[in-house]
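*Asks:* Got a structure for you, written out below as structure tokens; questions coming shortly.
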Amino acid sequence: MGITKKEFGLTKDSRSANLYTLANDNGMKVVFSDYGAVIVSIYVPDRNGNVCDIALGYDTIAAYERNAPGYGSFIGRHANRIQDARFELNGVVYQLEVNDGKNNLHSASHSYNKYFYDVRHYAADGDMSIEFSRLSPDMEQGFPGNLDVSVTYTLTKENELVIEYYARSDKDTIVNFTNHSYFNLSGHASGSVLNHIVSINADAFTPTTDDLIPTGEIRSVAGTPMDFRKAKTIGRDINADYLPLKQAGGYDHNYVLTKKTNGQVEKAADLYDEKSGRFMEVYTDLPGMQFYTGNFIPGNELGKDNYIYKKRDGVCFETQYFPNSCNIKNFPSCRLGASQEYDSVTIYKFSVK
């Protein structure tokens, strides 16, 4: 059990990046970098006690400087898509980078996974935490307000990876953070996740236009291939003749989470790999979750251990406010008022069956 640090390498502007490892007594460990506050590796035992890395990623800092798929990434100031790369706040229209067709995706090509962070780490009651923080200045990426940002990762003795997001702005702004880790519970270099079994605690999802911008409709999953209320394999319905799946090339959709109490941490989803016995549960206090099956993994670059990841080799559970909520009034608002605090928790909990 403990916290260790080692050098990761130099960025293209000759800044030194480091790796930090949190390890508990159960054989679980998680590796992070101060470049991007990214999750580089998640090592989890299987049902026989064999430990392997179940998070897709890279072996070099140079690869994380590119990282088009967003492996392990802390995403902000606004995760997911914003229509026409613009939004209005207090009568002012803010124009963002157009980086996804005519829209904005994950704030900019330089999202929060492309900045260096200050680091603080500590341990308490057998749990270990590492905090990455920085100031996102006014109009960075086109968003108003000097935003104090931190993301704290905690590895618990119960094999939970707890992610706590915090932000505070000196101007009204919008904030929608997420984590973009790709999971493969068989091991990061094990190929397709289509046989992984998923359940999602959601009665509805938000259908989109062809360019994956929500229309504003909240549609029931009942009777559709989007229904994961009863556990099923990812691959069972992924190629169904259903417009939302055809538009996204698979699952890449925001689910409207079924909540007993708004703002409370509740279970959102789980993921099971029968082969290894690894089981992952997702908890969050946020209203939505993007379920993404790696449809746009390029298939032409080296990942960790010289493995070339292909389409659908990993799956993401991106807890969030709904995409484009800043432009759709009937969606839960991601507006953060001046001097208000944004404080949100997401948990990935690991066990075996």
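The values are calculated or read from the model by the stated rules, or taken from the named source; none is laboratory data. Remember, it's a predicted structure, so these values are computed and weren't measured experimentally. Every residue, glycine as well, gets a Cβ built from its backbone with ideal geometry; the counts of neighbours run over all protein chains shown. The protein model used for the area step is the full one, side chains on, heavy atoms only, and it has no ligands, DNA or RNA in it. Shrake-Rupley method; radii C 1.70, N 1.55, O 1.52, S 1.80 Å.
*Asks:* Sort out for me the strands (runs of 3 or more DSSP E) sitting completely within the stretch 66-164 that have 2 or more residues that are out of contact with any Gly (no Cβ under 8 Å at 6 or more places or on another chain). Break it down stepwise before answering.
*Replies:* On the way: elements: 73-75, 86-89, 92-95, 118-124, 127-136, 147-155.
Result: 86-89, 92-95, 118-124, 127-136, 147-155.
*Asks:* Next question, about the same structure. Inside the stretch 216-236, can you point out the residues that are farther than 27 Å from Asn327 by Cβ and either touching a Lys or Arg at 6+ places or on another chain (Cβ under 6 Å) or of a type in the set (Gly, Ala, Ser) (or both)?
*Replies:* Ala222, Gly223, Ala231, Gly235
*Asks:* OK, next. Has the stretch 1-17 got at least one residue that is touching a residue at least 12 places away in the same chain (Cβ under 8 Å), touching an Asp or Glu at 6+ places or on another chain (Cβ under 6 Å), over 25 Å from Leu105 (Cβ atoms) and surrounded by fewer than 16 Cβ atoms within 10 Å (Cβ to Cβ)?
*Replies:* Yes, the stretch 1-17 contains at least one residue that is touching a residue at least 12 places away in the same chain (Cβ under 8 Å), touching an Asp or Glu at 6+ places or on another chain (Cβ under 6 Å), over 25 Å from Leu105 (Cβ atoms) and surrounded by fewer than 16 Cβ atoms within 10 Å (Cβ to Cβ).
*Asks:* How many of the residues making up the stretch 180-207 are closer than 21 Å to Val282 by Cα and either in contact with a helix residue (DSSP H, G or I) (Cβ under 8 Å, 6 or more places away or on another chain) or surrounded by fewer than 23 Cβ atoms within 10 Å (Cβ to Cβ) (or both)? Don't jump to the end; show me each part of the working.
*Replies:* Start the filter on the stretch 180-207 by keeping residues that are closer than 21 Å to Val282 by Cα, which leaves 180-188, 192-206.
Still in the running and either in contact with a helix residue (DSSP H, G or I) (Cβ under 8 Å, 6 or more places away or on another chain) or surrounded by fewer than 23 Cβ atoms within 10 Å (Cβ to Cβ) (or both): 180, 186-188, 192, 194-195, 197-199, 201, 203-205.
Of the residues in the stretch 180-207, 14 are closer than 21 Å to Val282 by Cα and either in contact with a helix residue (DSSP H, G or I) (Cβ under 8 Å, 6 or more places away or on another chain) or surrounded by fewer than 23 Cβ atoms within 10 Å (Cβ to Cβ) (or both).
*Asks:* Cβ-Cβ under 8 Å, sequence separation 6+ or interchain: first residue in the stretch 37-50 and among the polar types (S, T, N, Q), partner open to solvent by 20 Å² or more (accessible area, probe 1.4 Å). Which pairs?
*Replies:* Going by the 8 Å Cβ cut-off, the qualifying pairs are Ser41/Lys29.
*Asks:* Could you list all residues from the stretch 59-70 that are open to solvent by less than 20 Å² (accessible area, probe 1.4 Å) and either free of Cβ contacts under 8 Å to residues at least 60 places away in the same chain or out of contact with any strand residue (DSSP E or B) (no Cβ under 7 Å at 6 or more places or on another chain) (or both)?
*Replies:* Listed by number, the residues that qualify are Ile61, Ala63, Tyr64, Asn67, Pro69.
*Asks:* Given the condition hydrophobic (A, V, I, L, M, F, W, C) and open to solvent by 10 Å² or more (accessible area, probe 1.4 Å), answer yes or no: does some residue in the stretch 23-30 qualify?
*Replies:* Yes, the stretch 23-30 contains a residue that is hydrophobic (A, V, I, L, M, F, W, C) and open to solvent by 10 Å² or more (accessible area, probe 1.4 Å).
*Asks:* Of all residues in the stretch 121-147 being of a type in the set (Gly, Ala, Ser) and at pLDDT 95 or above, which is nearest to Tyr166 (Cα to Cα)?
*Replies:* Among them, the one singled out is Ser133.
*Asks:* Check the stretch 81-102 and report whether any residue there is under 26 Å from Lys349 (Cα atoms) and either buried (at least 21 other Cβ atoms within 10 Å of the Cβ) or modelled with pLDDT of 95 or more (or both).
*Replies:* No, the stretch 81-102 contains no residue that is under 26 Å from Lys349 (Cα atoms) and either buried (at least 21 other Cβ atoms within 10 Å of the Cβ) or modelled with pLDDT of 95 or more (or both).
*Asks:* Within the stretch 107-133, can you find the residues that are closer than 23 Å to Pro69 by Cβ and without any contact (Cβ under 8 Å) to a residue 40 or more places away in the chain?
*Replies:* Ser107, Ala108, Ser109, His110
*Asks:* Something else now. Look through the stretch 258-300, keep the residues that are surrounded by fewer than 23 Cβ atoms within 10 Å (Cβ to Cβ) and acidic (Asp, Glu), and return whichever of them is farthest from the chain's Cα centre (by Cα).
*Replies:* Filtering first and then ranking leaves Glu274.
*Asks:* So, one more: For the stretch 155-179, give me each residue that is closer than 14 Å to Ile75 by Cα and open to solvent by 10 Å² or more (accessible area, probe 1.4 Å). Step through it out loud before you land on a result.
*Replies:* Within the stretch 155-179, the first condition is being closer than 14 Å to Ile75 by Cα, and the residues that meet it are 163-167, 174-179.
If the condition is that a residue be closer than 14 Å to Ile75 by Cα and open to solvent by 10 Å² or more (accessible area, probe 1.4 Å), then Glu164, Tyr166 are the ones that fit.
*Asks:* Could you list, in sequence order, all residues of the stretch 313-340 that are part of a loop (DSSP other than H, G, I, E, B), buried (at least 23 other Cβ atoms within 10 Å of the Cβ) and not hydroxyl-bearing (Ser, Thr, Tyr)? Before you say what the answer is, go through the steps one by one.
*Replies:* Step one: filter the stretch 313-340 for residues part of a loop (DSSP other than H, G, I, E, B), giving 313-314, 321-324, 328-334, 337-340.
Cutting the leftovers down to buried (at least 23 other Cβ atoms within 10 Å of the Cβ) gives us 313-314, 321-324, 334.
Those that are part of a loop (DSSP other than H, G, I, E, B), buried (at least 23 other Cβ atoms within 10 Å of the Cβ) and not hydroxyl-bearing (Ser, Thr, Tyr): Asp313, Gly314, Phe322, Pro323, Asn324, Cys334.
*Asks:* Among (1) open to solvent by less than 30 Å² (accessible area, probe 1.4 Å); (2) touching a residue at least 24 places away in the same chain (Cβ under 8 Å), where does Thr152 come up short?
*Replies:* The one condition Thr152 does not meet is (2).
*Asks:* Additional query: Looking at (1) under 23 Å from Ser136 (Cβ atoms); (2) open to solvent by 10 Å² or more (accessible area, probe 1.4 Å); (3) among the charged types (D, E, K, R), which is the only condition Arg77 fails?
*Replies:* (2)
*Asks:* Say whether the condition of being in a strand (DSSP E or B), closer than 20 Å to Ile54 by Cα and free of Cβ contacts under 8 Å to residues at least 60 places away in the same chain is met by at least one residue in the stretch 287-295.
*Replies:* yes
*Asks:* Which one of Asp227, Asp210 is more than 18 Å from Pro332 (Cα to Cα), touching a helix residue (DSSP H, G or I) at 6+ places or on another chain (Cβ under 6 Å), charged (D, E, K, R) and open to solvent by 30 Å² or more (accessible area, probe 1.4 Å)? Please lay out each step first, then the result.
*Replies:* On the way: Asp227 fails: touching a helix residue (DSSP H, G or I) at 6+ places or on another chain (Cβ under 6 Å).
Exactly one residue qualifies, and that residue is Asp210.
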